[in-house]
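Novice: Handing you a structure now.
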Amino acid sequence: MKRSSTFKIKIFILPIIIIGLLTALDQLTKFIITSKFSLYESKPVIHDVFAITYIQNTGMSWGLFKGKRIIFIVLTFIALLFAFRIYYNVYDKKKYLPIRISLVLLISGALGNMLDRIRLGYVVDFFSFELINFPVFNVADIMVVVSFFLLFFLLIFKYSNEEFDEITRLKISAINEVNGTNVNNDNNDNE
């Protein structure tokens, strides 16, 4: 069935525009923080609960894996490819709109932090919950975490196993040929 150009715009162009806008929002907030704050400067928003604190994170949450910039860039690139592939798997099915929305958030957040790592060598973080020992984070982190929770909820509670298989299907024939196996995906659907 041939789709109209309006459909293609909604399914592909609109998400690209939204990803661009959300990534730009993340980068704008980081630019504002780096322009208005000195490194490690903190301004309370709610005393002893929440503050804006400018840090440069070369690792991930709680400073884990500091200095592993190349690994983070490569892993982010792989995650982005996987997210785009999943989006492609479900782009034309209305029932998967929540998955597409989650993937747009995930891609936007991943791109925002990857841009920091490529451009600056670190990620600009600034939201700080002081009430609990929680890592300082940014807008991109919010998008990634929200998308993961949405995806987890949707894949566990909303979609069936068959729908999950449809969402995550990948062409694996090339991988099987490299490994010396010949798997017929049609036979695996019955398992």
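Novice: Restricting the search to segment 76-128, which residues are acidic (Asp, Glu) and part of a helix (DSSP H, G or I)?
Specialist: Let us first name the residues in segment 76-128 that are acidic (Asp, Glu), namely 92, 116, 125.
Across segment 76-128, the qualifying residue is only ASP116.
Novice: Looking only at segment 109-132, decide whether some residue is modelled with pLDDT of 90 or more, β-branched (Val, Ile, Thr), surrounded by fewer than 16 Cβ atoms within 10 Å (Cβ to Cβ) and under 24 Å from TYR40 (Cβ atoms). Steps first, answer last, please.
Specialist: Filtering segment 109-132 for residues modelled with pLDDT of 90 or more gives 109-129.
If we keep only those that are β-branched (Val, Ile, Thr) as well, we get 118, 123-124.
After this cut, where a residue has to be surrounded by fewer than 16 Cβ atoms within 10 Å (Cβ to Cβ) as well, the list is 118.
Now restrict to residues that are under 24 Å from TYR40 (Cβ atoms): 118.
Within segment 109-132 (the criterion being modelled with pLDDT of 90 or more, β-branched (Val, Ile, Thr), surrounded by fewer than 16 Cβ atoms within 10 Å (Cβ to Cβ) and under 24 Å from TYR40 (Cβ atoms)), the answer is yes, since at least one residue qualifies.
Novice: Continuing with this model, one more query. Looking at THR34, THR6, which is the one that is at pLDDT 95 or above and either touching a Pro at 6+ places or on another chain (Cβ under 8 Å) or not in a strand (DSSP E or B) (or both)? Spell out how you get there, then give the answer.
Specialist: Working: THR6 fails: at pLDDT 95 or above.
The conditions single out THR34.
Novice: Cβ contacts < 7 Å: first residue closer than 17 Å to THR23 by Cβ and in contact (Cβ under 8 Å) with a residue 60 or more places away in the chain, restricted to segment 138-152; second residue part of a helix (DSSP H, G or I) and acidic (Asp, Glu), any location; separation 6+ or different chain. Result?
Specialist: Here the result reads ASN138/ASP26; VAL139/ASP26; ALA140/ASP26, each pair linking segment 138-152 to a residue that is part of a helix (DSSP H, G or I) and acidic (Asp, Glu).
Novice: Still on this structure, please answer the following. Take TYR54 and tell me if it is in contact (Cβ under 8 Å) with a residue 12 or more places away in the chain and at positive phi. Reasoning before the result, please.
Specialist: Numbers: in contact (Cβ under 8 Å) with a residue 12 or more places away in the chain: yes; at positive phi: no.
No: the conditions fail for TYR54.
Novice: Mind counting the residues in segment 89-108 that are under 16 Å from the mean Cα position of the chain (by Cα), of a type outside the set (A, V, I, L, M, F, W, C) and surrounded by fewer than 21 Cβ atoms within 10 Å (Cβ to Cβ)? Before the answer, list the steps.
Specialist: Residues of segment 89-108 under 16 Å from the mean Cα position of the chain (by Cα): 98-108.
Restricting the remaining residues to those that are of a type outside the set (A, V, I, L, M, F, W, C) gives 98, 100, 102, 108.
Within this subset, residues satisfying the condition of being surrounded by fewer than 21 Cβ atoms within 10 Å (Cβ to Cβ) are 98, 100.
Count: 2.
Novice: Here's another thing I want to ask about it. Taking only segment 42-75 into account, find how many residues are closer than 17 Å to ASP125 by Cα, assigned to a helix (DSSP H, G or I) and either of a type in the set (S, T, N, Q) or over 16 Å from the mean Cα position of the chain (by Cα) (or both).
Specialist: 4
The values are calculated or read from the model by the stated rules, or taken from the named source; none is laboratory data. Small disclaimer: the values here were computed from a predicted structure and weren't measured. Cβ atoms come from the backbone with ideal geometry, glycine included; neighbour counts cover every protein chain shown.
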